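Where a number appears in this text, it was derived from the coordinates with a stated rule and is not lab data. For clarity, every value in this text was computed on a predicted model and none was experimentally measured. When we count neighbours, we look across all protein chains shown, and the Cβ atoms used for this are built from the backbone with ideal geometry, even at glycine.
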Amino acid sequence: MIMLEDSLRNMFAERVESPPLLRDPASVAIGRGRAARRRRAVASSVAAALALVFTVGGIVGLRDITAPGGGREGSTVAFNGQPDVAPTSPPVEPQPTVDTGIGLDLWAGERLWTTDGRTLRLTGVGTVSRIYRVPTGWVYGGTAGVRFLRADGSSISLSGQDERWVLSPGGDQFAFVVDTALYVARVSATGLAVRTRTDVPPGITPVAFLDRSVVISDETLGFDLLDPAATYQPRWNGEIAGVIGGNGKTLTGLVPPAGGGTAPCLAELVPGDDGLAPARVGTCALDLARGTTGDRITPDGGWLAEPGANDVRLVDLAQAVAGRNGSVLCRVRSTVPPAWADNRTLLVADDRGVVRCGVDGKERVVPLPSGVTARWQFVPKLTSGQPAG
């Protein structure tokens, strides 16, 4: 009995040695562990230790909780064998801040340079392939998962080893795929709260949010709308050539020209009786890329950035969807994918540094912060109405 008590005491002493970083079930369990340790110091009660065993067992049982469509809303769920509360990376030492004047953060490899002049590490996901600035931090992903980076430099795991994910325009909703299930979760600095789970066919990828639905794609079937609150009924549209992005209420995509030809046409995409469908088809005169690199649409959905060989065209989407070619040229051969700093300013770069191009045609050069390494890129900023394509 004495050996049992000593073993339990050592086990829980190890569990409560470090202060909790999150207000979640595991943190609650650790807090209860501290209280039990104080009681043991007074009473040396094995019963108190056994009560804690049942508490920890309840926390471990959270791994079996799933979301609506198979569980409860707001649950903290483990994916691909990850613990319910993933280990956090430690915070960095506070750094002096200074406005870089650029308007967006920059990243390269595992390093992030913020607009206030700090440098943070992007760890735990292997090779970083995507990163977004969200209202409470950064969401970044790579070959080994997706993580949330807090402003203090610590980070937590959001999902496992699958690169099929997309953020909502506001940066607080996260759609991702694990095997043949699509999850929609609320993401914040305290972690991931799964709201819905929907069974989906193998191979689908979430690409955008539109109202309460998630736009999904399949390489052979095309695009479809999935309502996370309902059972998924496939209604694929193979006539849509691509989805560029939108502000959450509107969505811009590409469709083939009605009269034939190879140049795709800009189109406004809306929910229809048969899934995702074009409502208005506009200009087909632009040299539109089918990919979605960088951050190509303004937060309000009003302008599109279209990189060319020697410049970047800023396209007024209201005019373009109406069939008119209203655009402004940013006469910079950008060395990085462009990104919008706000609704009126596009950021590009050349050998002079960062170039801020306005929709009024004005340009201003801003030097790069010291220490920025080669192959850097802009970090798209997700606020209300910002695309995450």
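A few points about this structure:
- Ranked by the mean number of other Cβ atoms within 10 Å of their residues, highest first, the peptides 146-159, 317-330 come out as 146-159, 317-330.
- Dipole of region 106-378, positive direction: furthest Cα of 135, 119, 298, with charges on the beta-carbon: 119
- The modelled label-to-label distance between residue 179 and residue 273, using points 7 Å beyond Cα along the C-beta direction, is 3.8 nm.
- Taking a ≥ b ≥ c as the square roots of the Cα gyration tensor eigenvalues, region 199-317 comes out prolate, since a/c reaches at least 1.5 and a/b is larger than b/c.
- Distance between the pseudo-spin-label points of residue 370 and residue 221 (7 Å out from Cα toward the beta carbon): 5.5 nm.
- About its Cα centre, the dipole of region 106-378 is roughly 840 debye, where the only charges are +1 on Lys and Arg Cβ and -1 on Asp and Glu Cβ.
- Prolate/oblate/rounded call for region 344-384, Cα gyration tensor, a/c under 1.5 rounded: oblate
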